[in-house]
1. Being open to solvent by less than 40 Å² (accessible area, probe 1.4 Å) and not in a helix (DSSP H, G or I) is the filter; apply it to region 105-142 and report the residue that is farthest from K265 (Cα to Cα).
2. For region 181-192, state whether one or more residues are at pLDDT 90 or above and on the phi > 0 side of the Ramachandran plot.
3. Mind checking whether some residue in region 237-257 is in the same structural domain as L188 (by the TED database), free of Cβ contacts under 8 Å to residues at least 12 places away in the same chain and either surrounded by 14 or more Cβ atoms within 10 Å (Cβ to Cβ) or of a type in the set (A, V, I, L, M) (or both)?
4. Got a sec? Which of V283, V270, V266 is in a helix (DSSP H, G or I), closer than 15 Å to I189 by Cα and open to solvent by 60 Å² or more (accessible area, probe 1.4 Å)?
5. In region 207-228, how many are in a helix (DSSP H, G or I) and in contact (Cβ under 8 Å) with a residue 40 or more places away in the chain?
6. Looking at (1) within 30 Å of F95 (Cβ to Cβ); (2) more than 17 Å from the chain's Cα centre (by Cα); (3) not polar (S, T, N, Q), which is the only condition P222 fails?
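The values are calculated or read from the model by the stated rules, or taken from the named source; none is laboratory data. None of the values given here were measured: they were computed from a predicted structure. Glycine also receives a Cβ, built like all others from the backbone with ideal geometry; neighbour counts cover every protein chain displayed. Accessible surface areas use protein heavy atoms only, side chains included; no ligands, DNA or RNA. Shrake-Rupley method; radii C 1.70, N 1.55, O 1.52, S 1.80 Å.
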Amino acid sequence: MLQKPESEALPILQAEGEKDGGRDGETQALTASQKEVPSPLLQETPKEDLGARREEGAAESALTPKGVRTLAAKALARRRAYRRLDRTVAELVQFLLVKDKKKSPITRSEMVKYVIGDLKDLFPEIIARAAEHLRYVFGFELKQFGRKHHTYILINKLKPLEEEEEEEEEDLGGDGPRLGLLIMILGLIYMKGNSARETQVWEMLRRLGVRPSKYHFLFGYPKRLVMEDFVQQRYLNYRQVPHTNPPECEFSWGPRSNLEISKMKVLGFVAKLHKKEPQHWPVQYREALADEADRARAKARAEASMRARARARAR
């Protein structure tokens, strides 16, 4: 079962013993920022105000060809900026994971020098998003323990599943990050209508800074992990989509995921990443409620059957 969200804030990066009043602006941004940012899970970019877009479209129809080109250039520049920010966040996550292997503290100056570069003014937003990815996908909490020198360490904390944790961790190598990756894929599938094209899954991994066919020190070869471990262990189904030319394949939840993992918990995981309530997605929320009801009925039947067998043995 997924870990329950404690609050709608970002993970708190505060050294033990520090008081709230002692945080600097950087740490406050990590704990209080509610800005909507591109999502690696749903592969979205921040949504612009619909009314503003309509006004812009109406204005565009009255513009000269040069004005239209200017608006198009600005829109393209925004998209490129979002993509660059995504890329920087993913690169920072990988940088932090690699540095953690040496168990040495990581400083802000190192992050700026080797990854962030001229985006240093966006450091609070970039590190906040990196902290979310580290916590919910890879199972690490980013903790600031030296405010003077802006020093950080990673702490291995997250266990994405709780109820069947021991059984599932044994099957998946006892590895929290691999479970986190599985939950990300299941979340993508669920939000895409219970199936996701293979290309969408690989693109999501790339947006997380994980190249499907390149060795990753946490996952090995990610594509092999998905295709061999997750599919063979029946966490995922994989099939060719009918009537596609060229042929395309898709993933869906496997029978093991349907048995062991609650859709409501996965939806809660997605909602936490987006800082929204599960009800924000009414179709998925209704389906998750129905799944919870089915699980409750199945549990009640199983308990009744066990009680009946116990009474029979006692006679």
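1. Once the filter is applied, the top-ranked residue is T107.
2. For region 181-192, residues at pLDDT 90 or above and on the phi > 0 side of the Ramachandran plot: absent.
3. No - not one qualifying residue is present in region 237-257.
4. Just one listed residue meets the conditions, V283.
5. Residues meeting the conditions: 4.
6. Only one criterion in (1) within 30 Å of F95 (Cβ to Cβ); (2) more than 17 Å from the chain's Cα centre (by Cα); (3) not polar (S, T, N, Q) is unmet by P222, namely (2).
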